[in-house]
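A short worksheet on the structure shown next.
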Amino acid sequence: MRFAAFVFIWLTASIGFSCQTSTEQTSTETDAPTVETKTATEEETDKPVILFFGNSLTAGYGLDPSEAFSAVIERKLDSLGLTYQVVNAGLSGETTASGNTRLDWVLERQPVDIFVLELGANDGLRGISPEETHKNLNAMIDKVQETYPEAQIILSGMMVPPNMGSEYAAEFQKIFPKVAENQEVALIPFLLEGVAGEPELNLPDGIHPTAEGHQIVANIVWEVLHPLLEKDS
């Protein structure tokens, strides 16, 4: 990963952005919570569910929903004959605090067998304290474990550039492995490995991956997800 380029792009793009433009974020966050679902057939209701819960990175901001990394993974599952229902519960502009609130609504309506938690990037762009992000991630994992004790959980790690100071960036990066270790859940070290800082793999905003970038993200997620599918079967 070209980290220097990654830092520069995030420094110049993060003003007015929290994983999307500030105007778009305001309009999105005032909407009622949504989960991208379709009317399930009887066959689908019998399938174990993989729920992707995150922000605009999960939602596939700027792309057709079929190009988001969760949809790429869904097609891979189908091609391998693995019977899972994939639910994309990504919401642009989401922080760990708003995600913690929205999660109650989602868990009431959506069974979960594997839960992929991708939140924290917007906390970093806003300079939210690592302690607050740590607390919210723990709270969300606790809620999933309490509601669906048998569910397997994956936490997606994130990094931020040192525009808030190198100390903040270093502390932020430590949040995710610390939570994963304490909660004994699987960890994706850095969701955007090989994508962040690569202009050809990101939209013009320099933050959100292109369709090709989502293909790479899907492969990164798959490396951690696939072993859990074997345990779940």
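The values are calculated or read from the model by the stated rules, or taken from the named source; none is laboratory data. Everything quoted here is computed from the prediction, not taken from an experiment. Counting neighbours? That spans all protein chains shown, and the Cβs are built from the backbone with ideal geometry, glycine included. Surface areas here come from the heavy atoms of the whole protein model, side chains and all, with no ligands, DNA or RNA. Shrake-Rupley method; radii C 1.70, N 1.55, O 1.52, S 1.80 Å.
For every residue, the table says whether it meets (1) within 18 Å of Ser56 (Cα to Cα); (2) of a type in the set (Ser, Thr, Tyr); (3) open to solvent by less than 40 Å² (accessible area, probe 1.4 Å).
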{"site": "Ile73", "(1), (2), (3)": "yes, no, yes"}
{"site": "Tyr84", "(1), (2), (3)": "no, yes, yes"}
{"site": "Val87", "(1), (2), (3)": "yes, no, yes"}
{"site": "Leu91", "(1), (2), (3)": "yes, no, yes"}
{"site": "Thr101", "(1), (2), (3)": "yes, yes, no"}
{"site": "Arg109", "(1), (2), (3)": "no, no, no"}
{"site": "Phe115", "(1), (2), (3)": "yes, no, yes"}
{"site": "Leu125", "(1), (2), (3)": "yes, no, yes"}
{"site": "Leu137", "(1), (2), (3)": "yes, no, yes"}
It is to be established whether one or more residues within the stretch 163-171 are crowded, with 22+ Cβ neighbours inside 10 Å and hydrophobic (A, V, I, L, M, F, W, C).
no
Matching entry among Val106, Val112, Val87 (being among the aliphatic types (A, V, I, L, M) and in a loop (DSSP other than H, G, I, E, B)):
Val112
I'd like to check something: does the stretch 57-65 contain any residue that is within 20 Å of His226 (Cα to Cα), out of contact with any His (no Cβ under 8 Å at 6 or more places or on another chain), open to solvent by 40 Å² or more (accessible area, probe 1.4 Å) and of a type in the set (Ser, Thr, Tyr)?
no
The residue that is farthest from Ser156 (Cα to Cα), considering only those in the stretch 207-220 that are crowded, with 23+ Cβ neighbours inside 10 Å and aliphatic (A, V, I, L, M), is Ile207
Which numbered condition His226 fails, given (1) crowded, with 16+ Cβ neighbours inside 10 Å; (2) free of Cβ contacts under 8 Å to residues at least 40 places away in the same chain
(1)
